[in-house]
1. Taking neighbour counts of Cβ atoms within 10 Å as a proxy for exposure, in what order, fewest first, do Glu431, Glu570 appear?
2. With r defined as the distance between the Cβ atoms of Asp98 and Thr222 and R0 fixed at 51 Å, what FRET efficiency is calculated, to the nearest 0.05?
3. Using the beta-carbon distance between Ile490 and Ser585 and R0 = 30 Å, what value does 1/(1 + (r/R0)^6) give for FRET efficiency, to the nearest 0.05?
4. Over 29 Å between Cα atoms: which of Lys161/Lys320; Lys123/Lys283; Lys135/Lys297; Lys135/Lys185; Lys569/Lys589; Lys274/Lys311 fall into that group?
5. Between Val409 and Leu42, how many nm apart are label points set 7 Å from Cα along the C-beta direction?
6. Restricting attention to region 69-144, which chymotrypsin sites (Phe, Trp or Tyr not before Pro) occupy a DSSP loop and are surrounded by at most 12 other Cβ atoms within 10 Å?
7. I need Lys389, Lys590 ordered by Cβ neighbour count within 10 Å, fewest first.
8. Please arrange Val36, Val559, Val240, Val149 by how many other C-beta atoms lie within 10 Å of their C-beta, fewest to most.
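Values in this text are rule-based calculations from the coordinates and carry no lab data. Quick caveat: nothing in here was measured; it's all calculated off a predicted structure. Positions of Cβ are backbone-derived with ideal geometry, glycine not excepted, and every protein chain shown enters the neighbour counts.
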Amino acid sequence: MYSFIRLKNIRCLILIFSSLTIYSLFLSCSSSVEQVFDKAELLMESHPDSSLSLLYNIDTMKLSTELEKARYALLMSMALDKNYIDMTSFKVLQPAIDYYLNNGSSTEKLRTLYYQGRIYQNKNDREEALSTLAKCIGFAARSTDSLTVARAYVAQGYLFKDFYDFQSYMNNFLKAAHIYNDLSKKTLERDCILKALNGAILLKNKVMCDSLMNICNTFNITDDIELQNLDGYRLSYVAVFGSKNKLDEYIENRRYNTRFDVNGMLNLALAYNKVDKFDDARKILDSLQNNTYDTLKFMAISVDTYEGLGKFKEALHSYKYLSHKLDSINSFIFEQKAKSLNEKHSLELKAQKEANAKSKILWCSSLAVIVLLFLVIVLLLINHNHKVKKDLVLQQAKLIELDNNRLKVEKDLAYQKSKVIQVENENLRTEGERLSLENKNLQLERDKKALEAENLCHRVEMLENESYSLKKLLDSSDEIPSEVKKAIRIRIEMLNALLAGYITDNDQYEKPYDLWVREITENTSEFMNSNRLAFQASHPQFIRYFEEHGLSIDEINYVCLYAIGLRGKEVGNYIKKRSHVNTSSAIRKKLGIDKHETNIGIYVRRLLKTL
């Protein structure tokens, strides 16, 4: 049965140890994955390629929790986007969508919705992309990730342009530019201001264009692509708002300028049309045939160009194409506005229903609180009534109890009187027994004194024998060292004084003895050496036993204190050393004293009798 219990305990210990080991490994693995996630997020902006490499090296099969899978999905989506790898599937991001949109913080929801909107945008699902990005921006005020907010405004701005909502297009890029300015990202800020300028030009808002153009003129741009974009927008600004003479002057100053991009070249062709240089405009249009360009803008410019050159057939063809596209765009804008109005109406109805529901809940809650308060008041009144009735019953019970106690006290008094008589009789009997006991005690005291006298005689005999043996030892050997002889003489004198005191029962004989004791014992080391020498003379085998076991002189002196009858605590108090316990432990080890022998004094005194 005992072996079975031990086996069961061992199995429990093994199970606990294994569980702790597995848990520790789990924590270390989890901590390692979190460290890789943190490092990948830290490198995301400055070194997105390194971040992507770190994430690729993670074994996704080891991601155990939903949180780890969600964070990996979001970081991987961010890294792919930063490395210009456009995703058109939600396969990578889906764990983040499933977890963060329900359980994430505002920043985690913001990032997840942004990359979800980017995937919709890559799939060319512009309506879902616009709706998702709108939800994303809804978390902007509660998030600390301003950079993702700015990127959401930019992505939404491009979508507004696709929907020909140029006002929202311009506003979004202005908001993004403001955030980039706060983050000191000048290149991105300049790009957003240029896009906002393009929106203002499309809206033909001269006040906004002038304000933005003044900002653009302060730019210190060294990048060729940025210079091309800026020159193109400047030309577009002059083409829309400038006079014919100013436009002609601007074109002349930039006739040989090759920094225009495709959009800038279209603006240049538009400018040529406005200054009646149709041949130059046609040459530009012909040079752009193999490039990707804005078809509507191209057709609108070509209508004026062909008409100026007298090629009315080509102009009519371009005009028909342009009209057809504009009708389609207007129809699309109308549908979008109608859809927006319907959605707005649906949202208003939904908000109204929610408000009504909240109002009903509030009224129901208020009514429930009032009813609850009424019930509490009723219960308190009922409880108070019960308490009053209970107090009355208790008072009546107390009165009845007092009457019963009075009767009981009267009975007790009568009983006590009878008891007093009985006790007085008992006292008389006890007094006789006490006198008898005192006689017995007197006899015992006489016996005790007789025993003490006998013990005294026995102790005197022992002291006489000790004194005789020391005198005999001192007289029989001339080879005893002088310090040993001195110690023996002191012992003999002390024994003689003690014997005289015991024999005569006179304190005067014991005074020299007390004086010697104080003088000898005050010098601890001298007394311990003298004590050892005395034992060496009277019990040489006793001292030799300790020398054979490797005890030092100090340790033998320490043992001899136990030999004269001191206890461990008394030895410690006498030698006044903190290492008293360490000395005792070292002696035990050298003598090989069994661990069950708890008292070294008993061991030493027993050894003194046997050797």
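1. If I rank by nearby Cβ atoms, fewest first, I get Glu431, Glu570.
2. Calculated transfer efficiency: 0.65.
3. According to the calculation, E is roughly 0.40.
4. Cα-Cα > 29 Å for Lys123/Lys283; Lys135/Lys297; rest within.
5. Inter-label distance under the simple model: 8.7 nm.
6. Taking region 69-144 and a limit of 12 other Cβ atoms within 10 Å, the loop chymotrypsin sites (Phe, Trp or Tyr not before Pro) found are Tyr84.
7. So the ranking, lowest neighbour count to highest, is Lys389, Lys590.
8. So the ranking, lowest neighbour count to highest, is Val36, Val240, Val149, Val559.
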